[in-house]
Structure formats: structure tokens, C-alpha cells
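K.L.:
I'd like to ask you about the structure that follows.
The values are calculated or read from the model by the stated rules, or taken from the named source; none is laboratory data. No experiment lies behind these values; they were computed from the predicted model shown. Note that each Cβ is placed from the backbone with ideal geometry, even for glycine, and that neighbours are counted across all protein chains shown.
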Amino acid sequence: MRIELSFKDAVLAAIANGIDTIEELSKVFMVREEFVKKIIDELKSEGLIEEVEKGFWIFKRRVLRLTSKGLRVADRAIVRLKEIADEIKGKIRKEMTHDELRDVLEPYTPIIPLLVYLNLLDLLLLDILFTMPLIVWWDADFIGGDETYLE
């Protein structure tokens, strides 16, 4: 199964929902900061995001903000994330065993933390996620560009 959503799109959706630093993105996606920084640099060069100072005086910090072009892409990504969440919900039944549920969730493993963060999926699914071997983005058909990240 292939989910039609790139990691870049997922990052844009996360930024649109208030995750505005590399550190926060790294935690939500459970990937190394170096990997997120590389993607952020690509998104900046594509004119989809910019880095700005937020706050005042000693409380200033650098955050990520979507450009108007990035906002349009993020809006489409958010729609796709909602579709993915609905696909997952449609496959889950109350009488499923733990193993059956793991089988349903496995193809979606990299995106589940973001779906939970965006309140598109129930937090209880994270418990099941942590009992599964973690599939990292770069092990699942994604390096950059418009590639999709899961099969």
C-alpha cells in the first residue's frame, strides 16, 4: 500500500498546526534533528517556509512560518492527513486482537504520531505504535522531493 503524502507535505501540515521549530518537528515525527533540518532547508529553498524571529527582547526565538505558497500546499496535505486518518479508522474494529490492530497500523507507522498530535487519531493508538518496530522515514521510500513515503 502506498500513502500519497511526502514527508515534506507532512512537515508543512505540522508547521501549519503550530509545530514551529526543528526540535519540535523532530519530536513529533520521531526522527533526528539533522534529518528535519535537511528537509527544512529544502522547503526554504522551494519558497514554502521561512524562518522568522518571534517574541520580544530576551524572549526572542527563531521559528518556522509558512509562506503563502507553503500554506496552499499545507492545506492540501492536511486534507490528505484527514483522509488517511479516516482510512485507518475505517479499518479498525472493536473486536480486533492486538496483533490484528498492529497489522492494520503497520503501514501507517511513520505518520501516526502526527495524526495523534493533530487529534485526527486517538492517543491510545500510540501505545500500540510503541510495541511495533519503528519504521523511519528514510527506510520507507523517502529521501526528498515528491516521493511518497510508505508502501
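K.L.:
Quick test for you: out of 52, 31, 36, pick the one residue that is modelled with pLDDT of 90 or more, β-branched (Val, Ile, Thr) and either surrounded by fewer than 20 Cβ atoms within 10 Å (Cβ to Cβ) or under 23 Å from residue 106 (Cβ atoms) (or both). If you could, list the steps in order and put the result at the bottom.
P.N.:
Details: 31 fails: modelled with pLDDT of 90 or more; 36 fails: either surrounded by fewer than 20 Cβ atoms within 10 Å (Cβ to Cβ) or under 23 Å from residue 106 (Cβ atoms) (or both).
Every option except 52 fails the conditions.
Matching residues to (1) touching a helix residue (DSSP H, G or I) at 6+ places or on another chain (Cβ under 9 Å); (2) at pLDDT below 65:
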position: 56; (1), (2): no, no
position: 75; (1), (2): yes, no
position: 122; (1), (2): yes, no
position: 126; (1), (2): yes, yes
position: 131; (1), (2): yes, yes
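K.L.:
Is it fair to say residue 88 is farther than 18 Å from residue 13 by Cα and either surrounded by 15 or more Cβ atoms within 10 Å (Cβ to Cβ) or modelled with pLDDT of 95 or more (or both)?
P.N.:
Taking the combined requirement at face value, the residue satisfies it.
K.L.:
Any residue at all in region 98-108 that is touching a strand residue (DSSP E or B) at 6+ places or on another chain (Cβ under 8 Å), modelled with pLDDT under 85 and part of a helix (DSSP H, G or I)?
P.N.:
So the first thing to find is which residues in region 98-108 are touching a strand residue (DSSP E or B) at 6+ places or on another chain (Cβ under 8 Å), and the list is 107-108.
If we keep only those that are modelled with pLDDT under 85 too, we end up with 107-108.
Retained after the next criterion (residues that are part of a helix (DSSP H, G or I)): 107-108.
Yes, region 98-108 contains at least one residue that is touching a strand residue (DSSP E or B) at 6+ places or on another chain (Cβ under 8 Å), modelled with pLDDT under 85 and part of a helix (DSSP H, G or I).
K.L.:
Shifting gears a bit: If the Cβ limit is 8 Å and pairs must be 6+ apart or interchain, which residue in region 111-123 that is more than 13 Å from residue 31 (Cβ to Cβ) pairs with which residue that is at pLDDT 90 or above and part of a loop (DSSP other than H, G, I, E, B)?
P.N.:
What qualifies is 117/17; 117/19; 118/17.
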